[in-house]
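My questions all concern the structure below.
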Amino acid sequence: MTSGNNGASTPPEDDDPFGYLYADGQANGAQPPSGGYGYPNSVNRVRAVGQRTYGGQQQAVPQQQGAYGQPSAHYAAPETFPGNGGGPTAPQQPAYSGGSGSGSGRGRGPNTKGLLIGAIAVVAAVVIGIAVAMAGGDDKKGDDPGNEAGSTPTQSESAEPTPTGSDSAEDEVKLPEIDAKAMRLEGGAGTASAVKGAKASGGVYVDGFNKVGASLTWTANGIPESGKYTLYVGYSVPGKDGTATLTVNGTPATTPVGLKNWANADEGDYEKGWTKTYNYVQLNKGTNTFKVSCEEGDQCDALIDQAWLVEGWVDS
């Protein structure tokens, strides 16, 4: 460019861009702006960002984003563009630091495919973890006694009560027992059934036991093992306590047979006086003999209906 020639479309320096506002400007043909500056052949100087006009040619300057903290590798001074005294600059290839190129020389955006795959992997891991936790919870629930129906019974809660001791039909040994009419009676003792309430077969009981020398004897067979047993005697007293003497295998026991009025019957009321008593005995395996007698010093006013054995020394 030379002085006095600023381009073919540059308005003269003495032109008033607002001439259309005055009479002399209007006489010279000035017009209101319609995309220009308000005078004939005006130039619209609005340019798109990144564009310059040099010698009537418009050159787009690529807008590139360089690496952070570094100048753009594609910046060039205006003097280097054609028509401004510099040589032509070869178009520069935009730099791309993310992902692998496809060989076309064209830049790419962020690797959204990789991010999507990563997100899907995270979601899948969470879903798998929840499924495993739920499966583990079901297993625990099945193993946990007492959390759900069908769990293994514990000692405190059994599906079916386990028989123990004398409650077990398999373990219980049937021990001998006897009714009054099967006993050997001596010393004036006999049998009767007038008083109601006896538990022996037919309501039969031993009567006439209330005098010294009266006795009943029972020979029990089938004792399974030598050891401790409890002898029970069923009886009735007429509203007052009584006692008798016990002899086991020919040896008198140190403890008498206690015939207490446990039923709290009124005096003379044998029918309401039926109850039971027990003595601890040491027996031999096989056969053992028991004798209950009315000896000197005993209070023998009682009716006796049964006798039976229980294994061990029990207190009921």
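What are the ³J(HN,Hα) couplings of the stretch 285-290, residue after residue, when phi is run through the Karplus curve with 6.51, -1.76, 1.60 and θ = phi - 60°? Round to Hz, x for glycine and proline.
Whole-Hz 3J(HN,Hα) from phi for the stretch 285-290: 5, x, 10, 9, 10, 10.
Which order do the peptides 246-257, 121-132, 272-283 take when ranked by the mean count of other beta-carbon atoms within 10 Å per residue, highest first?
By packing density, highest mean first, the sequence is 272-283, 246-257, 121-132.
From the protein chains alone at 1.4 Å, what is the descending order of accessible area for Met134, Met183, largest first?
I get Met134, Met183, largest accessible area first.
Label Ala27 and Lys113 with points 7 Å out from Cα along Cα→Cβ: what is the distance between them in nm?
Placing both labels 7 Å along Cα→Cβ, they lie 7.4 nm apart.
Sticking with this one: Could you list which residues have their amide H under 5 Å from that of Trp262, counting only those 5 or more apart in sequence or on another chain, with H placed in the peptide plane?
none
Additional query: If we sort 230-236, 196-202 on the protection proxy, mean other Cβ atoms within 10 Å, highest first, what's the order?
Highest to lowest by the protection proxy: 230-236, 196-202.
Using θ = phi - 60° and the Karplus relation 6.51 cos²θ - 1.76 cosθ + 1.60, list the HN-Hα couplings for the stretch 293-303 in order, rounded to whole Hz, with x at every Gly or Pro.
9, 9, 9, 4, x, 7, 10, 9, 6, 8, 10
Going down the list Lys174/Lys228; Lys196/Lys276; Lys199/Lys285; Lys174/Lys196; Lys228/Lys285, which pairs span over 19 Å between their C-alpha atoms?
Lys199/Lys285; Lys174/Lys196
How would Asp305, Asp207, Asp266, Asp179 line up by accessible area, probe 1.4 Å, largest first?
The most accessible residue leads, giving Asp266, Asp207, Asp179, Asp305.
Hey, what's the stretch 189-302 come to in accessible area per residue, 1.4 Å probe, Å²?
Accessible area per residue, the stretch 189-302: 48 Å².
The values are calculated or read from the model by the stated rules, or taken from the named source; none is laboratory data. Predicted model only: the values in this text are computed from it and were never measured. Neighbour counts run over all protein chains shown; Cβ positions are idealised from the backbone, glycine included. Just the protein is used for accessible areas: all its heavy atoms, side chains included, with ligands, DNA and RNA removed. Shrake-Rupley method; radii C 1.70, N 1.55, O 1.52, S 1.80 Å.
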